[in-house]
1. Using the structure shown, decide if A:ILE12 is more than 12 Å from every other protein chain (Cβ to nearest Cβ), outside any loop (DSSP other than H, G, I, E, B) and surrounded by 14 or more Cβ atoms within 10 Å (Cβ to Cβ).
2. Could you tell me which residue of the stretch B:9-29 is surrounded by the most Cβ atoms within 10 Å (Cβ to Cβ), considering only residues that are modelled with pLDDT under 90 and away from chain A (no Cβ under 12 Å)?
3. Identify all residues within the stretch B:62-80 that are under 19 Å from B:HIS112 (Cα atoms) and either surrounded by fewer than 17 Cβ atoms within 10 Å (Cβ to Cβ) or at pLDDT below 95 (or both); write none if there are none.
4. Taking the residues in the stretch A:16-55 that are hydroxyl-bearing (Ser, Thr, Tyr) and either touching an Asp or Glu at 6+ places or on another chain (Cβ under 8 Å) or away from chain B (no Cβ under 11 Å) (or both) as candidates, determine which candidate is farthest from A:ASN82 (Cα to Cα).
5. Among the candidates A:GLU58, A:GLU86, single out the residue that is at pLDDT below 95 and either more than 18 Å from B:LEU44 (Cβ to Cβ) or within 12 Å of chain B (Cβ to nearest Cβ) (or both).
6. Here's a check for you: in the stretch A:61-77, which residue that is touching a strand residue (DSSP E or B) at 6+ places or on another chain (Cβ under 6 Å) and not hydroxyl-bearing (Ser, Thr, Tyr) is nearest to the other protein chains (Cβ to nearest Cβ)?
7. Of all residues being over 28 Å from A:ASN50 (Cβ atoms) and among the β-branched types (Val, Ile, Thr) in the stretch B:81-113, which is surrounded by the fewest Cβ atoms within 10 Å (Cβ to Cβ)? Just the residue, please.
8. Please determine, by comparing only the residues of the stretch A:89-109 that are modelled with pLDDT of 90 or more and β-branched (Val, Ile, Thr), which one is surrounded by the fewest Cβ atoms within 10 Å (Cβ to Cβ).
Amino acid sequence: SAVISQKPSRDICQRGTSLTIQCQVDSQVTMMFWYRQQPGQSLTLIATANQGSEATYESGFVIDKFPISRPNLTFSTLTVSNMSPEDSSIYLCSVLGLGLTVNEQYFGPGTRLTVT
Amino acid sequence: GNSVTQMEGPVTLSEEAFLTINCTYTATGYPSLFWYVQYPGEGLQLLLKATKADDKGSNKGFEATYRKETTSFHLEKGSVQVSDSAVYFCALIGSGGYNKLIFGAGTRLAVHP
């Protein structure tokens, strides 16, 4: 399995500000994903982070609100922009591919965001 | 579209009791099926998986069998421990080649001594 770290692990932010979350993997991976887990809920895919090109967003998520970067095969960032209390969630990155078993996705520890 | 339905929680058991968490799915073709576990305050861990019909995934005493005829992937454990208290998510990846995980709502398990 891959070792995945996320920074920050948690943060409390004010309404209207932005937060950038980092995801670092200890080995090169084919695919990286960002998920949101709202309080007491399941996980919803925000987007697939593509290396060297724009991210692929799921229905209901847009680049202006959740810009994503992936400059190389081991690192990605997710920015939550112009935050509101509804953005309070756990944000998780996951990885797939390149040396990992086919179809097995591994998750980072998550970033717990509270917006006041 | 693809979807996963899990039994509602919370499930409350005494230590050493038998555990079943039901999971059924809707998908075309032959999806891959997974169980993930989320311990309090932590991220998700892959618990087990099955990639074709009649496959049995197993790990840490947990088992689940891919039943194509009933479109089910129920999680079982013969004797639960307090340390198994967590939220369990059933999930699938469709057979269309796109690696999007579809999650069930999650089932919270609480095991008491």
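1. On the way: more than 12 Å from every other protein chain (Cβ to nearest Cβ): yes; outside any loop (DSSP other than H, G, I, E, B): yes; surrounded by 14 or more Cβ atoms within 10 Å (Cβ to Cβ): no.
It is false that A:ILE12 is more than 12 Å from every other protein chain (Cβ to nearest Cβ), outside any loop (DSSP other than H, G, I, E, B) and surrounded by 14 or more Cβ atoms within 10 Å (Cβ to Cβ).
2. Of the stretch B:9-29, the ones modelled with pLDDT under 90 are B:9, B:28-29.
Next cut, away from chain A (no Cβ under 12 Å) only: B:28-29.
Working: B:THR28: 10, B:GLY29: 8.
Filtering the stretch B:9-29 for residues that are modelled with pLDDT under 90 and away from chain A (no Cβ under 12 Å), the one surrounded by the most Cβ atoms within 10 Å (Cβ to Cβ) comes out as B:THR28.
3. Selection gives B:GLU76, B:GLY78, B:SER79.
4. Start the filter on the stretch A:16-55 by keeping residues that are hydroxyl-bearing (Ser, Thr, Tyr), which leaves A:17-18, A:20, A:27, A:30, A:35, A:42, A:44, A:48, A:53.
When the remaining residues are screened for being either touching an Asp or Glu at 6+ places or on another chain (Cβ under 8 Å) or away from chain B (no Cβ under 11 Å) (or both), the result is A:17-18, A:20, A:27, A:44, A:53.
Working: A:THR17: 5, A:SER18: 5, A:THR20: 12, A:SER27: 32, A:THR44: 20, A:SER53: 23 Å.
This residue is A:SER27.
5. A:GLU58
6. In the first step, residues of the stretch A:61-77 are kept if they are touching a strand residue (DSSP E or B) at 6+ places or on another chain (Cβ under 6 Å); the result is A:61, A:66-70, A:74-77.
When the remaining residues are screened for being not hydroxyl-bearing (Ser, Thr, Tyr), the result is A:61, A:66-68, A:70, A:75.
Numbers: A:PHE61: 13, A:PHE66: 16, A:PRO67: 20, A:ILE68: 16, A:ARG70: 15, A:PHE75: 18 Å.
Out of the qualifying residues, it is A:PHE61.
7. Looking at the filtered set, the residue picked out is B:VAL82.
8. A:ILE90
The values are calculated or read from the model by the stated rules, or taken from the named source; none is laboratory data. Please read these numbers as outputs of a predicted model, since none were measured by experiment. Positions of Cβ are backbone-derived with ideal geometry, glycine not excepted, and every protein chain shown enters the neighbour counts.
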